[in-house]
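S.K.: Structure in structure tokens, see below.
The values are calculated or read from the model by the stated rules, or taken from the named source; none is laboratory data. The model shown is predicted, which means the values in this text are computed figures rather than measured ones. Quick reminder, even Gly has a Cβ in these numbers, built from the backbone with ideal geometry, and neighbours come from all protein chains shown. Quick note on the areas: whole protein, heavy atoms, side chains included, nothing else; ligands and nucleic acids left out. Shrake-Rupley method; radii C 1.70, N 1.55, O 1.52, S 1.80 Å.
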Amino acid sequence: MEVSRRAFLRGLGAAGLAAAGGCKSGGLFDFTDGAPMQRYAAPKLPHIRLGVVGMGGRGCGVLERVLNLPGVSVTAICDINPAKLAKAQGILAAKGRGKAKEYLGETAWRRLCDASDVDVVYNTTPWKLHVPVALGAMRGGKHVFTEVPSAFTVDECWELVETSEKTRRHSMQLENCCYSEVEMLTFNLAKLGMLGELVHAEGAYIHDLRWMTEHEYPEDEYWRFDENRDHGGNRYPTHGLVPLCLTLDINRGDRMDYIVSLDSKQANFKAYMEKKLAPDNPRRVNGVKMGDMNTSLIKTVCGKSIMLQHDVSTPRPYSRIQLVTGTKGAICAYPYRVTFEDTVNSGPHKHWLKDDEAKAVREKYRHPLWKTIGELARRVGGHGGMDFIMDARWVYCLQQGLPLDTDVYDLATTCCLCELTEKSADRRSRPYSIPDFTRGAWRTNPPMEVVDIDIAKLGAC
């Protein structure tokens, strides 16, 4: 059964809307010779037929979330492991949905991307397939949403940009951290002018993933350790960076100009494997290129600075930092703290607001999306609810024919740093220019607005 708007509203503690009808997609729209995708609004898709490629933890999590949204059905699932397809079918059955068509095999995603009963491809594959699946989806007439990082080289980023422009299909990166509560609070405070003129920001991906050396793909995420073994620089820049880019108006009045990057030595992966893996274990390797810490500095055309860090191999507790500083205040997410220029804590040794004062700021200036569906998002889950809010927002935009919150240019601008940070770190922190994937449109693109969802319109025909 499809989720009705009435059932959806019951989840919010509301009622009174009629059930969503059986509206279907109007079909594929024509390819063009190419046009910019900034603020692009595709024809409305009142009912979204979703195909999911990659039924691991992320892919099955997608089913658990999107099936709570009216006007969405899962028509196709794809994986190389039959057990994972069976698990996904079990989730559909538990939600009262019919079976999705199965695509099994190393290249089965190609057939899914060409399927006539799929409007949108949700790409949760291992990293090496992110770009091929995204390109196949767009060329097959589908909008595509790709897990992070969505690409790894400058050339891949350009190919995604040009394919999106030619096919007039969305290619959005699934950067869930843009929808985290404090990141959205930061964005809201900045747009309200409470932080003043923004001058500096800091972001990171600090996450101890040494355990991945003990597991083997395809059952687990051993493939991700392979990436860290073979590459230096920042291989996972988007969690820490993309929310900051939205707050700093990157590609919307400013753009990232150049970057320098530095790797520390690698010690922790080696020490962990020596402790956890037997000497004859084939997963115990001698050389890991990824430094324990990568630190990158970015300068924007308009003079702002960004510090970005990556650390997946030390005991340091999880953090994305998320510090934004302006002329009137500052906010940081790990741990959450905030201060303003006109508070009583002024002076040469200024302090963050006291806990009760900071909590009051958090509640008063909570982003509208978290006010509207935050409680439901926490119940549905997905990294504290931010995954659900991300999905609810793109579903709403496609159903209503609205531009998406982020576009293929945001994807390219941040993902190209995978290559550029490695090159810079390998060459004694040489500066590298960051391509302008908007081709100058950043100068006139309007800043992102404070957005919300009209829940009465979800799934409406």
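S.K.: Given axes a ≥ b ≥ c from the Cα gyration tensor, I'd like to know whether the chain is rounded (a/c under 1.5), prolate (a/b larger than b/c) or oblate.
M.R.: Rounded.
S.K.: Taking the solvent-accessible surface of protein heavy atoms with a 1.4 Å probe, what is the per residue accessible area of the chain in Å²?
M.R.: 41
S.K.: Here's a follow-up. Would you compute, from DSSP H runs of 4+ residues alone, the mean residue ellipticity of the chain at 222 nm, taking -39500 (n - 2.57) per run and dividing by the full residue count, rounded to the nearest 500?
M.R.: Dividing the helical sum by the residues of the chain leaves -10000 deg cm²/dmol.
S.K.: If contacts are Cα pairs under 8 angstrom and at least 6 residues apart, what is the relative contact order of the chain in percent?
M.R.: 22
S.K.: Using the structure shown, list the pairs from Lys304/Lys350; Lys101/Lys457; Lys128/Lys275; Lys87/Lys371; Lys128/Lys371 with a Cα-Cα distance above 31 Å, or answer none.
M.R.: As for pairs spanning more than 31 Å Cα to Cα, those are Lys87/Lys371; Lys128/Lys371.
S.K.: By accessible area of protein heavy atoms, probe 1.4 Å, what ranking do Thr247, Thr325 get, highest first?
M.R.: The residues order as Thr325, Thr247, largest area first.
S.K.: Further question on the same structure: Which order do the peptides 371-377, 147-153 take when ranked by the mean count of other beta-carbon atoms within 10 Å per residue, highest first?
M.R.: 147-153, 371-377
S.K.: May I ask you to give the percent of accessible area on the chain that is carbon plus sulfur, with a probe radius of 1.4 Å?
M.R.: Of all accessible area on the chain, carbon and sulfur atoms account for 51 percent.
S.K.: Evaluate the relative contact order of the range 82-145 (contact order divided by residue number), counting alpha-carbon pairs under 8 angstrom at least 6 apart; express in whole percent.
M.R.: Computed over the range 82-145, the figure is 28 percent.
S.K.: Could I ask something else about it? Which order, highest average first, do 230-236, 399-405 follow once you tally other Cβ atoms within 10 Å for each residue and take the mean per peptide?
M.R.: Order by mean packing, descending: 230-236, 399-405.
S.K.: Could you work out how far apart the two model spin labels at Arg427 and Leu262 are, taking each label as a point 7 Å from the Cα in the direction of the beta carbon, and quote it in nm?
M.R.: Going by the 7 Å Cα→Cβ label model, 1.9 nm.
S.K.: Decide, for the range 157-245, between rounded, prolate and oblate: order the square roots of the alpha carbon gyration tensor eigenvalues as a ≥ b ≥ c, take rounded if a/c falls under 1.5, and otherwise choose prolate if a/b is larger than b/c, else oblate.
M.R.: Cα axes put the range 157-245 in the oblate bin.
S.K.: Using the per-residue mean of other Cβ atoms lying within 10 Å as a proxy for protection, in what order, highest first, do the peptides 435-447, 419-431 fall?
M.R.: The peptides rank, most packed first, as 419-431, 435-447.
S.K.: Here is a follow-up. Note the full-extension length gain between Asp342 and Asp208 as 0.36 nm times their separation in residues minus their Cα-Cα distance, in nm to one decimal.
M.R.: The span from Asp342 to Asp208 would gain 44.4 nm if fully extended.
S.K.: From a point 7 Å beyond the Cα of Lys299 in the direction of its Cβ, which residues of the range 410-446 have a backbone N at a distance under 16 Å?
M.R.: 429-435
S.K.: What FRET efficiency, computed as 1/(1 + (r/R0)^6) with R0 = 35 Å and r the Cβ-Cβ distance, is obtained for Asn286 and Ala86, rounded to the nearest 0.05?
M.R.: About 0.35, to the nearest 0.05.
S.K.: Follow-up. Kindly work out what percent of the DSSP beta bridges joining two residues of the chain are antiparallel, to the nearest 5.
M.R.: Taking every DSSP beta bridge with both residues in the chain, the antiparallel ones total about 50 percent.
S.K.: Tell me the label-point distance for the pair Lys128, Lys371, using the 7 Å Cα-to-Cβ offset, in nm and rounded to one decimal.
M.R.: 4.8
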